[in-house]
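Only one structure is covered here, and it is reproduced in the block below.
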Ligand code: M6R
């Protein structure tokens, strides 16, 4: 949530900052703003709405030339998305400008104190208090912005990334981080700060991780880090393993379309190098030793949104392979219910961004209870994998569209790998069984490719149904989380009522929603793998059809028994039952994308949402 960029170097700061914001806009797009220092004063422009509004403003009213600047793209928390509430915020004396991601929880109290001291606050934001506090603390910090930032941060509660510049030292950018993402890009004669490496990867692939409660000071030639107690911190450098083109549309109209199309490669990359020379599964980044994994008696998956659906899919496989009970819990609920967690509970946090605050807090809670923790994550160097005991990266490459696609498929793959690894370590499967499933997984890039080759008719169905007010999704077994995922995609992109149900639950209430013409998307299990479930789903189709539903079935090639009872059949290749989510989800992604397009919505940046949810 919120994209942050800071720059100091020899280039025109405005160009660097705005191009960084373009790459970070997926993090928030309610408003945007920039500030530079020129001729001893701050020059600021900010505008409500998408970045393009700010760019138009800058075209009409150019900013002064400068080689130091900051920029922000906002997802509103405190105060509506107006010009005034857009960041940067400037201190009353006009000397300090600040941008912020997160929530300052004690802002009301701080605001009250400032007002009592006669400070006029221009906006409704929590961020503005920091600008005033920094300016008022500078004299006590002997004019040193880093020290002022340190002193102010110690007064703040909540989650924040802050980046500030000041007129007195125009070649300096100072950032601070608690519970919200911030990374440093190290260039030659220039340095960067950003919420995400995407902002600076076109300039440098050398990055530094910032830890919790740390302050970073950038000049064009130096980067130094201290903690909130003032102690010097040695930076942890890493290299970004993708280039700027990976975060561009590459000829597609939408990032979502590109990311859907990238799924065969993403799945292949998630599987690459997992089998050692001895033929055994090896997960190099798993920093948990085998003895610890053998003592596990329960697995809890914590995740949000799409990532939680990946966890639900994995539950079926991991329990089957390991005979360890697996619970899947929404991360936002986990720590508030006094969960039963201890040293023999493996807590797996699944997160594309690695920054989702609910998931991070759930992970921390689990760690506090003594549980070993494992992150399944796509973003190298992000907070969740850094704080977990072990990590399995999904290697899907940057996912920019707000709606998650390739991350979902690769999260399932990674969770399956963890399940197989547990089975290997605990001896609940023979090596040849693991080998057979790995072979099935290795077939999946080609199967997903086949789905993409045949998905065109889905677009026509989506356009035909775009006028409907509601779409229901039903499935059973691993088809149930797929139904939830299909419904989530439609809600977030097409802004329409969409619900996913376990098909067996229909008769317990949801069937009352069926009326003439309501589309019901049915994820049909294989008649070979799960014959009984196939029969039961056929019955569910009959029941909703008898009440007027229009049936859109996602069914495997050759399943002709369903054909007479459907209005449309979307065919997917024949794959083993546990692999079905990897093929049956793809048409649902296309369905939601096409329906949103037909309705004229912004697919990559749906309303009210942001890619990375860094507030609780
Ligand atoms: O970055 P994360 O995987 O932790 O994000 C979790 C959810 O916010 C995310 O999956 C969200 O539900 C997607 N926008 C759905 O498409």
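The values are calculated or read from the model by the stated rules, or taken from the named source; none is laboratory data. From a predicted model like this one, the values you see are computed outputs, not experimental measurements. Positions of Cβ are backbone-derived with ideal geometry, glycine not excepted, and every protein chain shown enters the neighbour counts.
Do the conditions hold for residue 100, that is, is it crowded, with 21+ Cβ neighbours inside 10 Å, touching a helix residue (DSSP H, G or I) at 6+ places or on another chain (Cβ under 7 Å), touching a residue at least 60 places away in the same chain (Cβ under 8 Å) and not assigned by TED's automatic domain parsing to the domain that holds residue 384? Before the answer, list the steps.
Numbers: crowded, with 21+ Cβ neighbours inside 10 Å: yes; touching a helix residue (DSSP H, G or I) at 6+ places or on another chain (Cβ under 7 Å): yes; touching a residue at least 60 places away in the same chain (Cβ under 8 Å): yes; not assigned by TED's automatic domain parsing to the domain that holds residue 384: yes.
Here the answer is yes, as residue 100 does meet what is asked.
Screening the stretch 337-354 for residues that are touching a helix residue (DSSP H, G or I) at 6+ places or on another chain (Cβ under 9 Å) and not in a loop (DSSP other than H, G, I, E, B) and picking the one that is nearest to residue 290 (Cα to Cα) gives 346. Give me the residue from the stretch 382-394 that is under 23 Å from residue 315 (Cβ atoms) and in a loop (DSSP other than H, G, I, E, B) and, out of that set, nearest to the ligand (Cβ to nearest atom). Restricting to residues being under 23 Å from residue 315 (Cβ atoms) and in a loop (DSSP other than H, G, I, E, B), the top hit is 394. Could you tell me which of the residues 92, 155 is more than 27 Å from residue 613 (Cα to Cα) and in contact (Cβ under 8 Å) with a residue 24 or more places away in the chain? It is 92.
Only residues that are crowded, with 18+ Cβ neighbours inside 10 Å and over 26 Å from residue 439 (Cα atoms) were counted in the stretch 555-565, giving 1. For residue 141, are the conditions met, namely being on the phi < 0 side of the Ramachandran plot and touching a strand residue (DSSP E or B) at 6+ places or on another chain (Cβ under 9 Å)? So residue 141 fails the test. Residues that are more than 16 Å from the ligand (Cβ to nearest atom) and in contact with a helix residue (DSSP H, G or I) (Cβ under 7 Å, 6 or more places away or on another chain) within the stretch 312-323 comprise 316, 317, 318, 321, 322, listed in sequence order.
Name every residue in the stretch 65-89 that is within 15 Å of residue 38 (Cα to Cα) and either surrounded by 20 or more Cβ atoms within 10 Å (Cβ to Cβ) or out of contact with any helix residue (DSSP H, G or I) (no Cβ under 9 Å at 6 or more places or on another chain) (or both), in order of residue number.
66, 67, 68, 69, 70
The C-beta contact set for the stretch 50-73 (first residue without any contact (Cβ under 8 Å) to a residue 60 or more places away in the chain, second residue in a loop (DSSP other than H, G, I, E, B), distance under 8 angstrom, 6+ apart or interchain) comprises 51/29; 64/39; 65/12.
Considering only the stretch 80-130, how many residues are in a loop (DSSP other than H, G, I, E, B) and within 25 Å of residue 23 (Cβ to Cβ)?
Residues of the stretch 80-130 in a loop (DSSP other than H, G, I, E, B): 80-88, 91-95, 105-106, 117-127.
Filter again for within 25 Å of residue 23 (Cβ to Cβ), leaving 81-83, 85-88, 125, 127.
Of the residues in the stretch 80-130, 9 are in a loop (DSSP other than H, G, I, E, B) and within 25 Å of residue 23 (Cβ to Cβ).
A single member of 397, 370, 419 is more than 14 Å from the ligand (Cβ to nearest atom), in contact with a helix residue (DSSP H, G or I) (Cβ under 8 Å, 6 or more places away or on another chain), in the same structural domain as residue 330 (by TED's automatic domain parsing) and part of a loop (DSSP other than H, G, I, E, B), and it is 397.
When residue 414 is tested against (1) more than 16 Å from the ligand (Cβ to nearest atom); (2) farther than 24 Å from residue 591 by Cβ; (3) modelled with pLDDT of 95 or more, exactly one condition is not met: (1). Taking the conditions (1) at pLDDT 95 or above; (2) surrounded by fewer than 24 Cβ atoms within 10 Å (Cβ to Cβ) in turn, residue 380 satisfies each one other than (1).
Scanning the stretch 147-197 for residues that are outside any strand (DSSP E or B) and either outside the structural domain of residue 20 (by TED's automatic domain parsing) or within 18 Å of residue 75 (Cα to Cα) (or both) yields 180, 181, 182, 195, 196.
The single condition among (1) surrounded by fewer than 20 Cβ atoms within 10 Å (Cβ to Cβ); (2) in contact (Cβ under 8 Å) with a residue 40 or more places away in the chain; (3) closer than 26 Å to residue 169 by Cβ that residue 117 does not satisfy is (2).
Results for (1) crowded, with 16+ Cβ neighbours inside 10 Å; (2) farther than 30 Å from residue 193 by Cα, shown as yes or no for each residue.
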position	(1), (2)
266	yes, no
271	yes, yes
295	no, yes
309	yes, yes
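Do we find a residue being in contact with a helix residue (DSSP H, G or I) (Cβ under 9 Å, 6 or more places away or on another chain), within 14 Å of the ligand (Cβ to nearest atom) and more than 19 Å from residue 459 (Cβ to Cβ) anywhere in the stretch 586-606? Yes, some residue in the stretch 586-606 is in contact with a helix residue (DSSP H, G or I) (Cβ under 9 Å, 6 or more places away or on another chain), within 14 Å of the ligand (Cβ to nearest atom) and more than 19 Å from residue 459 (Cβ to Cβ). Quick check on residue 445: is it under 26 Å from residue 272 (Cα atoms) and more than 16 Å from the ligand (Cβ to nearest atom)? In short, yes.
In this entry, residue 436 is excluded by the filter for residues that are more than 14 Å from the ligand (Cβ to nearest atom), under 18 Å from residue 300 (Cβ atoms), assigned by TED's automatic domain parsing to the domain that holds residue 292 and part of a helix (DSSP H, G or I). Among the residues making up the stretch 275-311, those that are within 16 Å of the ligand (Cβ to nearest atom) and under 22 Å from residue 438 (Cβ atoms) are 301, 310, 311.
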